[in-house]
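Report on the structure given below.
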Amino acid sequence: MAQNAIIANLNSNRKKIIRQIVKNRSILQQIRKELEPSPSMYKYNVIDETQGTIEITGLVNYPFTGSTLDFTVDNPSGGTYKTVSITGTDFQNITQQLTLSFPSSLTSIGANVFQGCNMSQIDVSSVTSLGEGAFYNCTFLKSVILKPNTAITSSKVFSGCTSLSVVTNLATIPLLGDNVFASTKLSSEITLSAISIGNSCFSSSKTLPRLLYASA
């Protein structure tokens, strides 16, 4: 009888230990899951792991059906990566109304990246390089904030943005490429300091602007 009692007690203790192990394993899995970075909605390439910089190249789930793009990617080492460049074609021709929130680390937007998208305003005041046709034919775009004193050397960057009427910091831009603001809705008078203006830079605008030059 005593032996049976000992065996029963051992079996009971073993079951308790097993239940505790299972419980602890579940807790550890939950902790691990919470510590893991959220799956990114963006495709990206790490440029410099030490600096934590990346280039976003597209979308994991295409086409995009949401309304906001913030170009933020979690870094497995903690915090978020610094997005310095956006390239690719996955962001083109998104027809639903968009809010684009560019990080302050962003310095480059590639050719035709946001061609044909539906947004009313953008702030690219950290961007030093805008690729050819980066915002080509964004017909709902009304307002743009540029980085001061930064040349726009590529062509057709805002060409075909037929609603575009406000461009902040345009007066400070030292160089404008071909057709940059062709077929836009810029005001009748634009003050510029640009030393070089490309061919047809303001051609076919709904209100053909009269260019004024800032005093030296």
>> Out of the residues in the stretch 107-121 meeting the condition of being part of a loop (DSSP other than H, G, I, E, B) and of a type in the set (S, T, N, Q), tell me which one is nearest to residue 55 (Cα to Cα).
In response: 107
>> Every residue in the stretch 116-130 that is within 20 Å of residue 176 (Cα to Cα) and buried (at least 19 other Cβ atoms within 10 Å of the Cβ), please.
In response: 122, 124, 127, 130
> Among the residues of the stretch 50-66, is there at least one that is over 27 Å from residue 135 (Cβ atoms), β-branched (Val, Ile, Thr) and at pLDDT below 90?
Replying inline: no
> Scanning for something outside any loop (DSSP other than H, G, I, E, B) and at negative phi, does the stretch 92-101 turn up at least one residue?
Replying inline: yes
> Being under 30 Å from residue 127 (Cα atoms), modelled with pLDDT under 65, of a type outside the set (A, V, I, L, M) and surrounded by 10 or more Cβ atoms within 10 Å (Cβ to Cβ), is that true of even one residue in the stretch 30-38?
Replying inline: yes
> Hey, residue 64 hits all of (1) surrounded by 14 or more Cβ atoms within 10 Å (Cβ to Cβ); (2) within 26 Å of residue 168 (Cβ to Cβ) but one; which does it fall short on?
Replying inline: (2)
> Going through the stretch 148-196 one residue at a time, which ones are among the β-branched types (Val, Ile, Thr), modelled with pLDDT of 90 or more, crowded, with 16+ Cβ neighbours inside 10 Å and more than 19 Å from residue 115 (Cβ to Cβ)?
Replying inline: 150, 172, 173
> Between a first residue in the stretch 130-156 that is assigned by TED's automatic domain parsing to the domain that holds residue 198 and a second residue that is assigned to a strand (DSSP E or B) and of a type in the set (D, E, K, R), which pairs have beta carbons less than 6 Å apart while being 6 or more apart in sequence or on different chains?
Replying inline: 145/123
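The values are calculated or read from the model by the stated rules, or taken from the named source; none is laboratory data. These figures come from a predicted structure and were not determined experimentally. Note that each Cβ is placed from the backbone with ideal geometry, even for glycine, and that neighbours are counted across all protein chains shown.
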